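Comments concern the structure below.
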Amino acid sequence: MASEKVETVVAGNYVEMEREEGDSKSAKNKLSNLFWHGGSVYDAWFSCASNQAHFLHFVAQVLLTLPYSFSQLGMLSGILFQLFYGLMGSWTAYLISLLYVEYRTRKEREKVDFRNHVIQWFEVLDGLLGKHWRNIGLFFNCTFLLFGSVIQLIACASNIYYINDNLDKRTWTYIFGACCATTVFIPSFHNYRVWSFLGLMMTSYTAWYLTIASLLHGQIDGVKHSGPNKMVLYFTGATNILYTFGGHAVTVEIMHAMWKPQKFKMIYLIATLYVLTLTLPSASAVYWAFGDLLLTHSNALSLLPRSGFRDTAVILMLIHQFITFGFACTPLYFVWEKFIGVHETKSVFKRALARLPVVIPIWFLAIVFPFFGPINSTVGSLLVSFTVYIIPSLAHMITFAPSSARENAVERPPSFLGGWAGMYSINIFVVVWVLIVGFGFGGWASMLNFIQQINTFGLFTKCYQCPHKA
């Protein structure tokens, strides 16, 4: 009886939502639930797996830049960093899920109703730690998601160019900016069911295309694998991988889109393991085939010969980047809606109009900084390091610092971790490591590399890393 009560408290008002779902038996509603209105454990897994490797939220674009990172790191370091940051990313996603459940349980014991309100990370920080933590979380999360969306537009232009080079990459950015603006009409993460599934399939195809095509292509003449040979490049590559597994900036929103958010616990780890089956073979195979040539080709697709398979991979990545743009932008839309007071309105059209101002700065920044690859590392070191690694670890430690909070915690640490002492030890390690290696060395290296791109290509460059036409 007691466990049943806890289940109801944790699941909260989603118990009512499940009942509403169950009452609807019409064919129309069943079809809608299948393709549009998802909230199951499977939807969360699809969302995390399809979103995880790139930003969140972003397998597609990081998948294409990981071979570039391998050329900076070398094969062994590239593999080890993927495994290490994959585990660390899963850990902090777990912390975020614990804090979400703790916050939501406390609020629902106070009879707060969340049926027309999407809980976000900054609100969790506000409820557990106060307004100063809320403001810090809001700043880092929104800035990270903003630049994550920028990177999606840059990736779209970079990829389509390898199918149609009649237009330069900047012009393609204008076009895809307009296309991605249509995500304002997608209300919330509940409505990404079919997109999450498709995104996962598309990314899986592209990863295995990169792997098989590189192995069939074989090594280029005189291939060299000299990495790592420069400290700047080494930490730039490592920070791109840190960014790769920092895709849980939308963990709270995805959990909130689940009917039973308490079942989220292991989903992110399983999603990460699946993503590793895509990223490790593809990055290793492309680096084996092309070696140091990748240092000047941050998009792996640019080195593979054109074929129907490659064009298919490009098109699928474009669709997935559109989906990922929506994943990255949706939390920003929510923040903006709450700021101007339209978040709880039921009119999709009114909310869509209110969201449009969010897209404009994203569009502009993608045109100013079209540096596909280097921008990932910069965002990773300066924003991801705090947003999804340092802040969740510190927030967890401070939230449960009082003995009363530990005693009344909704979920206690598993015994195999060594209880609270073990959990705190891991959190301290994450904070120190990411602060020194990710933010410190990574920030220094990625900023130097980013400045070099500006000096070499200039701002507003028309076609970044395009081959010169005769």
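The values are calculated or read from the model by the stated rules, or taken from the named source; none is laboratory data. All values reported here derive from a predicted model rather than from experimental measurement. Here the Cβ positions follow ideal geometry from the backbone for every residue, glycine too, while neighbour counts run over all protein chains shown. Just so you know, the surface numbers come from the protein's heavy atoms only, side chains and all, with ligands and any DNA or RNA stripped out. Shrake-Rupley method; radii C 1.70, N 1.55, O 1.52, S 1.80 Å.
For the range 87-104, the criterion of being at pLDDT 90 or above, among the aromatic types (Phe, Trp, Tyr), closer than 19 Å to LEU273 by Cα and surrounded by fewer than 24 Cβ atoms within 10 Å (Cβ to Cβ) is satisfied by at least one residue. Scan (1) open to solvent by less than 40 Å² (accessible area, probe 1.4 Å); (2) not in a loop (DSSP other than H, G, I, E, B) for the single condition VAL118 breaks and write down its number. Result: VAL118 passes all but (2). Got at least one residue in the range 59-77 being at pLDDT 90 or above, hydrophobic (A, V, I, L, M, F, W, C) and open to solvent by 10 Å² or more (accessible area, probe 1.4 Å)? Within the range 59-77 (the criterion being at pLDDT 90 or above, hydrophobic (A, V, I, L, M, F, W, C) and open to solvent by 10 Å² or more (accessible area, probe 1.4 Å)), the answer is yes, since at least one residue qualifies. Can you tell me which residue within the range 389-436, out of those that are in contact with a Ser or Thr (Cβ under 7 Å, 6 or more places away or on another chain) and among the hydrophobic types (A, V, I, L, M, F, W, C), is nearest to GLU108 (Cα to Cα)? That would be VAL410.
Evaluated against (1) buried (at least 24 other Cβ atoms within 10 Å of the Cβ); (2) hydroxyl-bearing (Ser, Thr, Tyr); (3) in contact with a Gly (Cβ under 8 Å, 6 or more places away or on another chain), SER284 falls short on exactly one condition, (1).
Within the span defined as the range 376-397, one or more residues are open to solvent by less than 40 Å² (accessible area, probe 1.4 Å), assigned to a helix (DSSP H, G or I) and over 24 Å from THR244 (Cα atoms). Considering only residues in the range 195-235 that are over 18 Å from the mean Cα position of the chain (by Cα) and β-branched (Val, Ile, Thr), the one that is least open to solvent (accessible area, probe 1.4 Å) turns out to be THR211. Test ALA405 against the criterion of being farther than 22 Å from LEU294 by Cα, open to solvent by less than 80 Å² (accessible area, probe 1.4 Å) and within 27 Å of the chain's Cα centre (by Cα), and give yes or no. So ALA405 does not fit the description; no. Considering only the range 336-355, I want to know if a residue exists there that is under 15 Å from the mean Cα position of the chain (by Cα), over 29 Å from VAL437 (Cβ atoms), of a type in the set (A, V, I, L, M, F, W, C) and open to solvent by less than 20 Å² (accessible area, probe 1.4 Å). No, the range 336-355 contains no residue that is under 15 Å from the mean Cα position of the chain (by Cα), over 29 Å from VAL437 (Cβ atoms), of a type in the set (A, V, I, L, M, F, W, C) and open to solvent by less than 20 Å² (accessible area, probe 1.4 Å).
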